[in-house]
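**Q** Submitted below is the structure of interest, expressed as structure tokens.
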Amino acid sequence: MFDYNAPAGLLNGRIILVTGAGDGIGRALALRCAELGAQVILLGRNAAKLEAVYDQIEAAGHAPAAICELDLEKADAAAFDSLADQLFDSYGRLDGLVHNAAALGPRTLLDQVKPEAWMQVIQTNLNAPFLLTRALMPLLRASTDASVVMLSSSVGRKGRAYWGPYAISKFALEGLMQVLADEQDGTSNIRVNSVNPGATRTAMRARAYPNEAPERNPAPEAILPVFLYLLGADSQGVNGQALDAQ
Ligand code: NDP
């Protein structure tokens with residue numbers, strides 16, 4: 001596991017948006033960020049799941065969270081711009097942006113992938129992170145210490161048969177990370193990095209490996225250290241890196 005112990009209060013006062021915050025890794029990360037002092041913006045498409053996370057944060061007495069109900073597959077550029085306007089009015093800046101939500105899509109030979117399925121996966125896993133980052137750049141620039149984190153995958157770093165548009169979208173996300181990171185000059189307050197979480201016990205993992213015993217893999221709560229490192233001040237100056245959670 002990535003070796004980092006997040007100190008209490010690490011994220012005090014930070015405003016952090018996590019996509020796909022209603023389940024799996026995004027949910028665990030949002031809860032832990034709140035525990036460490038962040039105001040968390042929970043973005044996802046399932047209101048009931050987001051409300052459950054919101055309630056858990058409130059019940060624990062942490063800084064209040066916010067819910068952004070948005071389907072990343074359906075949202076167009078105007079929807080992302082409108083979200084950014086609302087967040088600018090409410091917060092004035094953003095200190096953390098975690099592109100976690102993703103669609104698994106079809107696990108089949110590339111030439112068997114239906115065009116609609118290709119479009120759906122690329123929309124959710126690549127176009128949405130681009131459009132969201134683009135819309136939120138003014139808020140990230142308004143922060144004194146902003147961190148953008150892209151959730152990658154081992155199949156986004158080395159291609160593997162039958163992983164179709166999912167693998168290819170993750171390669172492209174690594175490209176988005178590298179180009180954006182390289183555009184941050186010495187005076188930029190923004191760092192951009194990617195993380196491969198590795199096999200993690202979530203609904204997506206169960207869909208990808210239906211015959212695998214879930215206990216084989218760590219729970220989402222166990223793989224968070226690298227994310228907390230990247231979101232807190234200890235990673236200042238770390239930019240353009242492809243890291244592994246495990
Ligand atoms: P889950 O499927 O468990 O959770 C993903 C979350 O993203 C869900 O809350 C889901 O919503 C949300 N989401 C999916 N599509 C959309 C959409 N169109 N709009 C808004 N929200 C959406 O996935 P994991 O937690 O396993 O994965 C998190 C990230 O880690 C992903 O980027 C994945 O590719 C990556 N990853 C995971 C690995 C693993 O072993 N788990 C391994 C390698 C990479 P809903 O609850 O409605 O489905």
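The values are calculated or read from the model by the stated rules, or taken from the named source; none is laboratory data. Here the structure is a predicted model, which means the values were calculated and not measured. Virtual Cβ from ideal backbone geometry, glycine too; neighbours counted across all protein chains shown.
**Q** Are there any pairs, at least 6 apart or on different chains, whose C-beta atoms fall under 8 Å, with the first in region 137-162 and within 12 Å of Arg14 (Cα to Cα) and modelled with pLDDT of 95 or more and the second in a loop (DSSP other than H, G, I, E, B) and within 16 Å of the ligand (Cβ to nearest atom), and if so, which?
**A** none
**Q** In region 80-96, which residue that is surrounded by fewer than 17 Cβ atoms within 10 Å (Cβ to Cβ), of a type in the set (Gly, Ala, Ser) and out of contact with any strand residue (DSSP E or B) (no Cβ under 8 Å at 6 or more places or on another chain) is farthest from Leu11 (Cα to Cα)?
**A** So, considering only residues that are surrounded by fewer than 17 Cβ atoms within 10 Å (Cβ to Cβ), of a type in the set (Gly, Ala, Ser) and out of contact with any strand residue (DSSP E or B) (no Cβ under 8 Å at 6 or more places or on another chain), the one farthest from Leu11 (Cα to Cα) is Ser82.
**Q** Same structure, new question: Considering only residues of region 195-205 that are small (Gly, Ala, Ser) and out of contact with any Phe, Trp or Tyr (no Cβ under 9 Å at 6 or more places or on another chain), which is nearest to the ligand (Cβ to nearest atom)?
**A** The extreme case among them is Ala203.
**Q** Do you know which residues across region 205-246 are over 19 Å from Arg32 (Cβ atoms) and touching a residue at least 40 places away in the same chain (Cβ under 8 Å)?
**A** Arg207, Ala208, Gln236, Gly237, Val238, Asn239, Gly240, Gln241, Ala242
**Q** Next question. Only helices (runs of 4 or more DSSP H) wholly contained in region 110-208 count here; list those with 2 or more residues that are β-branched (Val, Ile, Thr). Step through it out loud before you land on a result.
**A** Working: elements: 115-122, 128-141, 164-182, 203-208.
Per the criteria, 115-122, 164-182.
**Q** Could I ask something else about it? Which members of region 152-177 meet the condition of being in contact with a strand residue (DSSP E or B) (Cβ under 8 Å, 6 or more places away or on another chain), over 17 Å from Asp95 (Cα atoms) and of a type outside the set (Ser, Thr, Tyr)? Please lay out each step first, then the result.
**A** Start the filter on region 152-177 by keeping residues that are in contact with a strand residue (DSSP E or B) (Cβ under 8 Å, 6 or more places away or on another chain), which leaves 152-154, 156-157, 173-174, 176-177.
Applying the additional criterion that residues be over 17 Å from Asp95 (Cα atoms) yields 152-154, 156-157, 173-174, 176.
Scanning region 152-177 gives Gly156, Arg157, Leu173, Glu174, Leu176.
**Q** Among the residues of region 136-194, write down those that are within 16 Å of the ligand (Cβ to nearest atom), surrounded by fewer than 22 Cβ atoms within 10 Å (Cβ to Cβ) and of a type in the set (S, T, N, Q).
**A** Of everything in region 136-194, just one residue is within 16 Å of the ligand (Cβ to nearest atom), surrounded by fewer than 22 Cβ atoms within 10 Å (Cβ to Cβ) and of a type in the set (S, T, N, Q), namely Ser154.
**Q** Taking the criterion of being within 14 Å of the ligand (Cβ to nearest atom) and without any contact (Cβ under 8 Å) to a residue 12 or more places away in the chain, would at least one residue in region 77-85 satisfy it?
**A** The answer is yes, given that some residue of region 77-85 is within 14 Å of the ligand (Cβ to nearest atom) and without any contact (Cβ under 8 Å) to a residue 12 or more places away in the chain.
**Q** Filtering region 25-41 down to residues that are more than 18 Å from Leu140 (Cβ to Cβ) and surrounded by fewer than 24 Cβ atoms within 10 Å (Cβ to Cβ), which residue is farthest from the ligand (Cβ to nearest atom)?
**A** Gly37
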